[in-house]
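Report on the following structure.
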Amino acid sequence: MVELIKNNLTILKIFFLIFALSNCTNTKSINKVSQSSDIELYSKGLASLKKGNFSSATLEFDKVFLNYPFSSLSSNSEIMSAYSLYQKNDIKKAVTKLSSYIEMNPKGELTEYAHYLLAMCYYAQVSDEDRDPSTSIKSLNYFKLIITKYPNTSYAKDAKLKMQLLENTLAKNELNVGKFYLRKGAPGSSIKRFKFILQNYQNTSIIPETLYRLSEAFLMVGLKNEAIKSNALLDYNFPKNDWTKLSKNLLKNKYELNQQKDNKFSIINYFKDFF
């Protein structure tokens, strides 16, 4: 009996020794993973990004930020993580991360880029002019902020180009809504839309058609003099435009139109008078 107990104790000792060694090995393995330096993790993130593996890149950059919050690479990693999410088209998470970064680092070294990337996140969601324009408006506002806060940066130059495209998209959206009201026999509502375009998107490509449609709407409500003025403005500022050619047939009394042309309307003066 005593000998049996001794044998059992020996077996137990061997079992606990094996368990301890196994546990020690696992701990060393875990420590080895957790002890990857910030540089190593950041490098892995860059390598994944280069390969187009954006999920892996996001994971590695987040490890740097979480495990080494005081590292010089921490801020870079947070931005690179947001960029990886943007590339993966995970826009909501990218926006959340960038917004948080800007709030915590209002004057950080990478804040201007964070603003630009945030604008690009909304810009990436912009669809054609028949869709909800809310993302276009948000993107436009962020690009305006970049031009205001960082006017001498390369981001500002690109922001100006993007703003032109966005303004054209928003102007087309307003024009399409205005034309919809015209088709539905609601010229009063369409006039409001066309006025809004002339007031807010004067440098867009759809101004000629807007003036033409505005003349149509004025004629529908019996405001012939206003229609003549709108046509005169169209003819004076865009003499070779296709919409100007169409406007020739819009009013029957060409004499009145020519008489109004002699006033040499300019867009700015017309706006002062008109609005």
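The values are calculated or read from the model by the stated rules, or taken from the named source; none is laboratory data. Bear in mind the structure is a predicted one, so any value in this text is a computation, not a measurement. When we count neighbours, we look across all protein chains shown, and the Cβ atoms used for this are built from the backbone with ideal geometry, even at glycine.
Of the residues Asn225, Asn269, Asn231, Asn203, which single one is buried (at least 21 other Cβ atoms within 10 Å of the Cβ) and at pLDDT below 90?
So the residue among Asn225, Asn269, Asn231, Asn203 that is buried (at least 21 other Cβ atoms within 10 Å of the Cβ) and at pLDDT below 90 is Asn231.
Let's see how each residue does on (1) of a type outside the set (Lys, Arg); (2) more than 26 Å from Ile197 (Cβ to Cβ):
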| residue | (1), (2) |
| --- | --- |
| Lys51 | no, yes |
| Pro69 | yes, yes |
| Gln87 | yes, yes |
| Ser99 | yes, yes |
| Leu110 | yes, yes |
| Thr135 | yes, no |
| Ser139 | yes, no |
| Tyr142 | yes, no |
| Lys160 | no, no |
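Within the set Lys51, Lys32, Lys63, Lys6, the sole residue that is surrounded by fewer than 16 Cβ atoms within 10 Å (Cβ to Cβ) and at pLDDT 50 or above turns out to be Lys51. The requirement of being assigned to a helix (DSSP H, G or I), in contact with a helix residue (DSSP H, G or I) (Cβ under 8 Å, 6 or more places away or on another chain), under 18 Å from Tyr142 (Cβ atoms) and among the aliphatic types (A, V, I, L, M) is not satisfied by Ala57.
Can you find a residue that is within 28 Å of Glu174 (Cβ to Cβ) and charged (D, E, K, R) anywhere in region 49-60? Within region 49-60 (the criterion being within 28 Å of Glu174 (Cβ to Cβ) and charged (D, E, K, R)), the answer is no, since none of the residues qualifies.
Among the residues making up region 236-250, those that are modelled with pLDDT of 80 or more and part of a loop (DSSP other than H, G, I, E, B) are Phe238, Pro239, Lys240, Asn241.
Considering (1) in contact with an Asp or Glu (Cβ under 9 Å, 6 or more places away or on another chain); (2) under 24 Å from Lys157 (Cα atoms); (3) of a type outside the set (A, V, I, L, M), the lone condition that Ser99 does not fulfil carries the number (1).
Take Thr153 and decide whether it is under 29 Å from Ile197 (Cβ atoms) and of a type in the set (Ser, Thr, Tyr).
On the way: under 29 Å from Ile197 (Cβ atoms): no; of a type in the set (Ser, Thr, Tyr): yes.
Here the answer is no, as Thr153 does not meet what is asked.
The C-beta contact set for region 195-217 (first residue more than 17 Å from Asp235 (Cβ to Cβ), second residue outside any helix (DSSP H, G or I), distance under 8 angstrom, 6+ apart or interchain) comprises Lys195/Phe275; Ile197/Thr204; Ile197/Ile206; Gln199/Phe275.
May I ask you to say which residue of Leu140, Leu165, Leu170 is at pLDDT below 95, part of a helix (DSSP H, G or I) and either among the basic types (Lys, Arg) or surrounded by fewer than 19 Cβ atoms within 10 Å (Cβ to Cβ) (or both)? Can you show your working first?
Numbers: Leu140 fails: either among the basic types (Lys, Arg) or surrounded by fewer than 19 Cβ atoms within 10 Å (Cβ to Cβ) (or both); Leu170 fails: either among the basic types (Lys, Arg) or surrounded by fewer than 19 Cβ atoms within 10 Å (Cβ to Cβ) (or both).
Testing whether each residue is at pLDDT below 95, part of a helix (DSSP H, G or I) and either among the basic types (Lys, Arg) or surrounded by fewer than 19 Cβ atoms within 10 Å (Cβ to Cβ) (or both) leaves just Leu165.
Filtering region 78-111 to residues that are part of a helix (DSSP H, G or I), within 23 Å of Lys149 (Cα to Cα) and among the aliphatic types (A, V, I, L, M) leaves Ile79, Met80, Ala82, Ala94, Val95, Leu98, Ile102, Met104.
Residues to consider are Ser84, Ser154, Ser77, Ser100; find the one that is modelled with pLDDT of 95 or more and more than 13 Å from the chain's Cα centre (by Cα). Don't jump to the end; show me each part of the working.
On the way: Ser154 fails: modelled with pLDDT of 95 or more; Ser77 fails: modelled with pLDDT of 95 or more; Ser100 fails: modelled with pLDDT of 95 or more.
Checking each option against the conditions leaves just Ser84.
When region 83-96 is filtered for residues that are closer than 15 Å to Tyr142 by Cβ and buried (at least 17 other Cβ atoms within 10 Å of the Cβ), the ones remaining, listed by number, are Tyr86, Ala94, Val95.
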